[in-house]
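The values are calculated or read from the model by the stated rules, or taken from the named source; none is laboratory data. Given the structure is predicted, the values throughout are model-derived calculations rather than measurements. Here Cβ is always computed from backbone atoms with ideal geometry, including for glycine, and neighbour counts include all displayed protein chains. The protein model used for the area step is the full one, side chains on, heavy atoms only, and it has no ligands, DNA or RNA in it. Shrake-Rupley method; radii C 1.70, N 1.55, O 1.52, S 1.80 Å.
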Amino acid sequence: MPEQINILAIESSCDETSAAVVQDGRVLSNHIATQKVHERFGGVVPEMASRAHMQNIIPVVDAAMKDAGVNKQDITAVAFTQSPGLIGSLLVGACFAKAYAQALNLPLIAVHHMQAHVLAHFIEDKPEFPFLCLTVSGGHTQIVLCRGYLDMEVIGETIDDAAGEAFDKLAKMLGMPYPGGPLVDKYAAEGNAELFKFPMAEMQGYNFSFSGIKTSVLYFLRDQKKNDPDFVDKHIKDICASVQHTIIKMLMAKLKKAARDLGIKHVGIAGGVSANSGLRKTLKETGEQLGWKVYIPKFEYCTDNAAMIGITGYHKYLKGIFSDLEVSPSARATWQ
Ligand code: KG4
Ligand code: ZN
């Protein structure tokens, strides 16, 4: 084992190009280039994302190295997001990481993006195991039981849309740009969450479904606009607050059930939607009521970032889990 372990980490699974340097499990730098090109299309355009990653990756890595005060000779291993994500986007990060590792003869570490979202908690905190994590992002909604850093099990997930997708689709219906989650959050903060009622999907076990709420909001808005064409303008804050409230209720119901059934008191949220102020507040309140110790990553570690890839890479390094140069990215991946 070298004296100092410096992991260069690359994240490129969707529309954020990010690079980080993690030294002995401590984040020295974390650079994120958010791609603005998608805003006007109402969603991520895969081809454009790949092209933007290609343009961003060298400057982002250079910035991360400079910020960390390290150079190529200091790097011990290269970690990258192998899956899941947009295949063209993943390919850019994977090819960069492979080339870097081969040129410098460094070990290569393939990282599962969803596992990394969970381990983002360990960047600045130290949750105790067993730890329960609700991971809510634009592509996934999962309840993960963590018995150790790399010993994780998905015990519940969405059977259709992700929670982030529900936020983004609501935002689109209300005429907001992509990604609409943060804007819905902002409007919701000033709205009446009890004004409009939307049905909650009843799912088995710890699973979720968010496609129903999207449809009911669509019909609700259509009917209201028939009576009053200015309905959305007049009630945008109340609509955002009411839908957000319903999504949070659905998420929390399953999280509470899982924590109760498994007797777990260390509970966290991760992924882009964990930046939502309503969800953060509800988790804290629930924690106080139920005696949980709650964990919420710092904002920049909630949405996609390379620091979480680096921390996962570090734990894989300690266990000697490396990949060979034949490793290839995968859009979908089974949980390891
Ligand atoms: O984890 P993430 O950055 O990327 C994926 O892996 O998908 O999550 C992005 C998702 C988007 O759907 C975005 O709208 C949502 O997280 N999001 C939010 C907030 N900030 C980001 N949703 C609700 N409230 C927020 N404040
Ligand atoms: Zn993500």
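Within region 24-49, the residues that satisfy the criterion of being more than 16 Å from ligand 2 (Cβ to nearest atom), modelled with pLDDT of 90 or more and either open to solvent by less than 30 Å² (accessible area, probe 1.4 Å) or in contact with a Phe, Trp or Tyr (Cβ under 6 Å, 6 or more places away or on another chain) (or both) are 25, 29.
Return yes when residue 125 is within 18 Å of residue 308 (Cα to Cα), assigned to a loop (DSSP other than H, G, I, E, B) and open to solvent by 10 Å² or more (accessible area, probe 1.4 Å) and no when it is not. Yes; evaluated as a whole, the condition is true for this residue.
Before we move on, is residue 312 open to solvent by less than 50 Å² (accessible area, probe 1.4 Å), out of contact with any strand residue (DSSP E or B) (no Cβ under 7 Å at 6 or more places or on another chain) and not charged (D, E, K, R)? Talk me through it step by step, then tell me what you get.
Details: open to solvent by less than 50 Å² (accessible area, probe 1.4 Å): yes; out of contact with any strand residue (DSSP E or B) (no Cβ under 7 Å at 6 or more places or on another chain): no; not charged (D, E, K, R): yes.
Answer is no for this residue.
Restricted to region 150-187, and to residues there that are open to solvent by 60 Å² or more (accessible area, probe 1.4 Å) and in contact with a helix residue (DSSP H, G or I) (Cβ under 6 Å, 6 or more places away or on another chain), the residue that is farthest from ligand 2 (Cβ to nearest atom) is 187. Going residue by residue through region 220-242, is there one that turns out to be closer than 21 Å to residue 165 by Cα, among the aromatic types (Phe, Trp, Tyr) and free of Cβ contacts under 8 Å to residues at least 12 places away in the same chain? Within region 220-242, not a single residue is closer than 21 Å to residue 165 by Cα, among the aromatic types (Phe, Trp, Tyr) and free of Cβ contacts under 8 Å to residues at least 12 places away in the same chain.
Just to confirm my filter: which helices (runs of 4 or more DSSP H) fall fully inside region 272-328 and include at least 3 residues that are modelled with pLDDT of 95 or more and either within 16 Å of ligand 2 (Cβ to nearest atom) or closer than 30 Å to residue 4 by Cβ (or both)?
Details: elements: 277-290, 299-302, 306-319.
The qualifying helices (runs of 4 or more DSSP H) are 306-319.
State yes or no: is residue 145 touching a His at 6+ places or on another chain (Cβ under 9 Å), away from ligand 1 (no atom under 16 Å from the Cβ) and either hydrophobic (A, V, I, L, M, F, W, C) or under 21 Å from residue 266 (Cβ atoms) (or both)? It is false that residue 145 is touching a His at 6+ places or on another chain (Cβ under 9 Å), away from ligand 1 (no atom under 16 Å from the Cβ) and either hydrophobic (A, V, I, L, M, F, W, C) or under 21 Å from residue 266 (Cβ atoms) (or both).
Residue count for region 273-294 under the criterion of being away from ligand 1 (no atom under 16 Å from the Cβ) and either of a type outside the set (Val, Ile, Thr) or in contact (Cβ under 8 Å) with a residue 40 or more places away in the chain (or both): the result is 8.
Has region 256-273 got any residue that is open to solvent by 50 Å² or more (accessible area, probe 1.4 Å) and under 22 Å from residue 189 (Cβ atoms)? No, that holds for no residue. Total residues in region 3-13 satisfying the condition of being assigned to a strand (DSSP E or B) and among the polar types (S, T, N, Q): the figure is 1.
Looking at this structure, is residue 136 closer than 24 Å to residue 16 by Cα, within 16 Å of ligand 2 (Cβ to nearest atom), buried (at least 21 other Cβ atoms within 10 Å of the Cβ) and of a type in the set (A, V, I, L, M, F, W, C)? Against the criterion (closer than 24 Å to residue 16 by Cα, within 16 Å of ligand 2 (Cβ to nearest atom), buried (at least 21 other Cβ atoms within 10 Å of the Cβ) and of a type in the set (A, V, I, L, M, F, W, C)), residue 136 qualifies.
Quick check: is even one residue across region 305-322 in contact with a Lys or Arg (Cβ under 9 Å, 6 or more places away or on another chain) and more than 14 Å from residue 116 (Cα to Cα)? Yes, some residue in region 305-322 is in contact with a Lys or Arg (Cβ under 9 Å, 6 or more places away or on another chain) and more than 14 Å from residue 116 (Cα to Cα).
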